[in-house]
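Nothing in this text is a laboratory measurement; each read-out follows from the coordinates by a stated rule. Values in this document were obtained by computation on a predicted structure and should not be read as measured data. Cβ coordinates were reconstructed from backbone atoms using ideal geometry, including for glycine residues, and neighbour counts include every protein chain displayed.
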Amino acid sequence: MNQALMAKWGWALLTEEQSLCCNVLRSKYLKGKQFFDCEVKSSDSWFWRNVVRSKEILRKGACKLISDGRETSIWDDPWVIHGTDFYPKSNYRQQRGLEKVSDLLLPDGNWDTLKLRNLFDQETVSNILRGGNPSGQGRDRWVWTKESNGLFSTKSAYLIQALARAPLCNIAPALWNKLWNSKILERHKVHWWSILSNALPLRAPLAKRMGFEEVSCPICGEAEETTEHLFLYCDFAFHLWRSSPWGVMPVPDSGARMWDWVTFLWNLKSRGVDTDKLFLYASIVVDTIWRARNDKVHNKSMGNIKHYIDSISSCYTDYGSCLLPLHKPIETCAWSSPPEDWVKINCDVKVGGETMCAVAIARDHNGSVLWVAAKRLHFSDPLAGEAAACLLAMETAVSLHHPFVLVESDSAIVIKNLKGDNPTWGIENYVRPCKLLSTFMTNCNFSSIARNCNFAAHNVAKWAFANNVTGMVDISTIPVNIFCNDHEV
Ligand SMILES: [Zn+2]
C-alpha cells in the first residue's frame, strides 16, 4: 500500500482542509477528535484504515507552528518544531496549572524562558528558542517540516516511508541525515537510499539469493554486476566520473565501497570544494548510470557515452539553478556606505558549540560606526542565527528612530524571505516581526551582500562571541581594526 499517498488525506484532515471529501470523512469518522488521536475499528473501510495508518508517516514530519499557543497542548501535541520528534522532553519538575503552550508565554507574547527551563530539558529549551518568539498572528497551524515551505508533499512522505523500511545496516544515522538534507532532487535521495542499502536489483547479489546464472555487468560484460562495479569501477562509470568538472574519480581496485565514495565526496568540503554542487553532480551521474544500465537490460541498447555526458551536464545546469542557492545578485565587490540620511546595518552571526552571537553594526554615509548591537543566542543554527541578526538590526533601528534603513546580510535565504519570496517555516518567526518593524520606518530595504564584503559584521560577531558581549556595545571597547570590510581579523 502506498502510504505516502494516503498521508495526503491524513494531512488534509489534520490541517482542517475544508473540502467536501474531508468534511464527509470528518463527520463520519473523526467526530470532533483530532486526526492524530483516532484509532481504527475493524468495521472501518479499507480506505479509512489506510488513511489512519498513514499517521506513522505524518508523525515524522508534521508539527504545529505556534502562533499564540492557545490551541496546542504542551504534552499531547507535537510543537517543538526544531526537535527530533517535535514533543518536549520533561525534566520531571513540578508543573501545576500549565496545559496549553500559551501558558508558557509572557504577556508580551515572548517565551517565558524561566518556565521553559523549569519544565523541559536543555535540548528542548534550545530547540524552542531556535524557532524564535511566536508571531501571535492567527491560530497555531500545522507545518510539514520536510519541506522548507511547510506544505505537505507526497514525494517527501515517500522518502520517509523508504527510509523507515531501510534494512538495518551499519551506516551512521548522521550520514543518512546528511543525505536527507542534501540539496538534490527527492528522487535522487530515494535512489541513493536504494543504492546504499543494497536494495537495487543488481545481478550479482540477486544471483546469490535466487540462484540466477547471469551475473555479469550488462554494460561492459567484464565483471560481476555489484553496486561498486556498476557505479564506480565499470569503464562506463569511470568515464562519466572523469568527465566531471572536479576531476575526481574512483580508483579502480581500491576496495572502496559506495559509502566510502560518498563520504569522500562530502569530505572534500574541507579542501574548499563546494560539495553541494559536487554531490548534486554525483547524484546525476549515479542516476544516469542506472538509466543507461536499464536501457541496456530492457531495450538491449544504449546511447553512446557522449550522449550521456551531455545529458549529465544539461541536467546539472537545470537542477542546479533550482536546487542550489542562487548566484548572489550582481554586487560591487566592496562594502559601500549608504546615501546621506540613510543608515546601513550589516548583520552576521558567529556560531560556536551550543550557542551563537548575532550582531548588527550600523554605519552612516561617511562609513562611521553609529552603533553595534550584539545578542547571545542559546541555540545553534546558522540560518536562524542570520535571521535573528536581522531582527536585532530592525529592533535596534526602530528603537533609535532611524527613518531610512538598509539592512545587509550575507544569507541569501534570509534576504529572500525578508523580501517576501520563498517563505521558509524555520525562520518565519524572525522574518515576520522584521517586516512588521519595517512599517515603522519611512523607508527600509533588505539586500544580500557577498560574504567577502561583510567582514566588519563578521569580525564584530567573532569578537563579541569570544568576549561574551551582549546588548548595545560601547563602541570604544571594540578594537578599531576589526571594522575593516575586506578581510577577516
Ligand atoms: Zn561494467
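Below, the figures for the structure above:
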{"read-out": "Net charge of neighbours whose Cβ lies under 12 Å from the Cβ of Asp103, counting Lys and Arg as +1 and Asp and Glu as -1", "value": "+1"}
{"read-out": "Eligible lysines near Lys350 by straight Cα distance, threshold 18 Å, same-chain separation 8 or greater", "value": "Lys375, Lys462"}
{"read-out": "Computed Kirkwood radius, in angstrom, where 1/r is averaged over Cα pairs of the chain", "value": "25.8"}
{"read-out": "Extension gain from Ser19 to Asp76, taking 0.36 nm per residue of separation minus the Cα-Cα distance", "value": "17.9 nm"}
{"read-out": "Cβ-based net charge around Thr263, under 13 Å, with every Lys or Arg adding one and every Asp or Glu removing one", "value": "+2"}
{"read-out": "Alpha carbon convex hull of segment 152-306, volume per residue in cubic angstrom", "value": "137"}
{"read-out": "Relative contact order (%) - the chain, alpha-carbon pairs under 8 angstrom, separation at least six", "value": "11"}
{"read-out": "Sequence-separation-based contact order of segment 400-489, relative, with Cα cut under 8 Å and 6+ spacing, percent", "value": "33"}
{"read-out": "Helix-only mean residue ellipticity at 222 nm for the chain, each DSSP H run of n ≥ 4 adding -39500 (n - 2.57), per residue, nearest 500", "value": "-12000 deg cm²/dmol"}
{"read-out": "Distance between modelled label sites at Asn304 and Ala450, nm, 7 Å Cα→Cβ extension", "value": "4.1"}
{"read-out": "Only Lys, Arg (+1) and Asp, Glu (-1) charged, at Cβ; segment 1-112 dipole about Cα centre in debye", "value": "500"}
{"read-out": "Karplus 3J(HN,Hα) series, Hz, for segment 429-446 with 6.51 cos²θ - 1.76 cosθ + 1.60 (x for Gly, Pro)", "value": "6, 9, 5, 4, x, 4, 5, 4, 4, 5, 6, 7, 10, 5, 8, 9, 10, 10"}
{"read-out": "Peptide ranges 177-184, 95-102 listed from the most packed, as the mean C-beta count within 10 angstrom indicates", "value": "177-184, 95-102"}
{"read-out": "Mean Cβ count within 10 Å, highest first, over the residues of peptides 197-203, 223-229, 456-462", "value": "456-462, 223-229, 197-203"}
{"read-out": "Leading residue at positive end of dipole, the chain (Cβ point charges), from Gly69, Cys453, Val405", "value": "Gly69"}
{"read-out": "Relative counts (whole %) of C-alpha pair distances in segment 234-293, using bins that are 5 Å wide", "value": "4, 17, 30, 29, 16, 4, 1"}
{"read-out": "Between helix 455-466 and the chain: long-axis angle, C-alpha atoms, 0 to 90°, nearest 10", "value": "80"}
{"read-out": "For Ala389, net neighbour charge (Lys/Arg +1, Asp/Glu -1) across residues whose Cβ lies under 9 Å away", "value": "-1"}
{"read-out": "Two-site label geometry, Asp235 and Val297: point separation in nm, points 7 Å out along Cα→Cβ", "value": "2.1"}
{"read-out": "Under Karplus coefficients 6.51, -1.76 and 1.60, residue-wise ³J(HN,Hα) of segment 103-112 in Hz, glycine/proline x", "value": "5, 9, 9, 7, x, 7, x, 7, 5, 8"}
{"read-out": "Where only C-alpha atoms are counted, convex hull volume of segment 271-422 per residue in Å³", "value": "171"}
{"read-out": "For segment 321-434: relative contact order, % (alpha-carbon pairs under 8 angstrom, 6 or more apart)", "value": "26"}
{"read-out": "Long-range HN-HN contacts of Ser67 with modeled amide H, under 5 Å", "value": "Asp140, Arg141"}
{"read-out": "Stretchable slack from Arg93 to Ser43, in nm (0.36 nm times residue separation minus alpha-carbon distance)", "value": "13.7 nm"}
{"read-out": "Using a Förster distance of 25 Å, the FRET efficiency for Leu116-Asn177 (Cβ separation, nearest 0.05)", "value": "0.45"}
{"read-out": "Table column - 3J(HN,Hα) (Hz), segment 118-132, Karplus curve with 6.51, -1.76, 1.60, x for Gly and Pro", "value": "6, 8, 10, 6, 3, 5, 4, 4, 5, 5, 5, 5, 4, x, x"}
{"read-out": "Long-range HN-HN contacts of Asp348 with modeled amide H, under 5 Å", "value": "Val359"}
{"read-out": "Average projected area [Cα convex hull, segment 45-118], square nanometres", "value": "6.3"}
{"read-out": "About the Cα centre, charge dipole magnitude for the chain (Lys/Arg +1, Asp/Glu -1 at Cβ), debye", "value": "1280"}
{"read-out": "For Trp371, distant residues with modelled amide H under 5 Å away", "value": "Ala362"}
{"read-out": "Ser311/Glu147 FRET efficiency (R0 30 Å; Cβ-Cβ; nearest 0.05)", "value": "0.60"}
